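The values are calculated or read from the model by the stated rules, or taken from the named source; none is laboratory data. Being a predicted model, the structure only gives us computed values, none of them experimental. Reconstructed Cβ throughout: ideal geometry from the backbone, glycine too, with neighbour counts over all protein chains shown.
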Amino acid sequence: MLDNLGNLKLKADDQNDLKVFAAYLQDSLIIPSDIKFLPNNKYLICIFNRFMWEDAEKGFLRDNKRVRSALKFNDVLSVKSKNIDKKDKELVLEFLTMQISKNKIGNYIIGLIFSGNITISIETEAIDSTLEDFSDSWSTKLKPKHKI
C-alpha cells in the first residue's frame with residue numbers, strides 16, 4: 001500500500017555528510033542489478049529500498065516503512081566489488097555502513113559495506129554525492145533488528 005512520498009533529499013561534500021548518508025541507509029536493501037557505474041559519465045548510482053528509521057523512531061504506533069532512494073556518487077574513477085556472486089540472481093544486499101579514506105594520490109576511497117562481508121569500493125576525485133527519495137513509501141511488517 002502506497003501512502004506518502006518520501007522526502008529525503010541530501011547532498012554530501014565531505015566525510016561527515018557521508019556518515020549522515022550511512023545512518024539514513026542503514027538496513028537498506030539493494031539487488032546488484034540496481035547498482036550502475038557509468039564510467040563515461042564518471043558516476044555511480046545505487047537504488048535502495050531504504051528503511052525509514054526517521055519515521056519508525058517517532059513512535060511505537062507508527063507503521064514501519066520503506067521507500068525507494070537513489071544514492072549517486074559523482075567524479076567516480078573506478079568501482080570494485082568484493083564477495084558479490086554475480087551468478088546469484090536472487091541476491092539481496094543489506095547495507096550496513098560506509099568507510100571513507102584517502103589513497104596515496106589524494107583520491108577518496110568510499111567503501112559501501114554490506115552484510116555477508118560484501119563491499120563495494122568506489123574511488124572518487126572528490127566527495128560529491130546525493131541521496132534522494134523518489135517514490136511513495138510503503139508499509140512493511142519487518143523491522144530490522146540488531147544484536148547488541
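Does at least one position in region 27-39 carry a residue that is over 16 Å from the mean Cα position of the chain (by Cα), at pLDDT 95 or above and loosely packed, with under 15 Cβ neighbours inside 10 Å? Working first, answer last.
Pass one, region 27-39, residues over 16 Å from the mean Cα position of the chain (by Cα): 38-39.
Checking which are at pLDDT 95 or above leaves us with 38-39.
Among the residues that remain, those that are also loosely packed, with under 15 Cβ neighbours inside 10 Å are: 38-39.
Yes, that holds for at least one residue.
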Note to self: Which count do you get for residues in region 109-143 that are over 21 Å from LYS86 (Cβ atoms) and either free of Cβ contacts under 8 Å to residues at least 24 places away in the same chain or among the basic types (Lys, Arg) (or both)?
What the structure shows: 3
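Given the options ILE105, ILE127, name the one that is modelled with pLDDT of 95 or more and either surrounded by 14 or more Cβ atoms within 10 Å (Cβ to Cβ) or not in a loop (DSSP other than H, G, I, E, B) (or both). If you could, list the steps in order and put the result at the bottom.
On the way: ILE105 fails: either surrounded by 14 or more Cβ atoms within 10 Å (Cβ to Cβ) or not in a loop (DSSP other than H, G, I, E, B) (or both).
The match here is ILE127.
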Next item on the list: Could you figure out which of (1) touching a Lys or Arg at 6+ places or on another chain (Cβ under 7 Å); (2) more than 17 Å from ILE127 (Cα to Cα); (3) in contact (Cβ under 8 Å) with a residue 24 or more places away in the chain isn't true of ASN49?
Entry: (3)
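Among the candidates ASP75, ASP13, ASP34, single out the residue that is without any contact (Cβ under 8 Å) to a residue 24 or more places away in the chain and of a type outside the set (A, V, I, L, M). Walk me through how you get there before you give the answer.
On the way: ASP75 fails: without any contact (Cβ under 8 Å) to a residue 24 or more places away in the chain; ASP13 fails: without any contact (Cβ under 8 Å) to a residue 24 or more places away in the chain.
The conditions single out ASP34.
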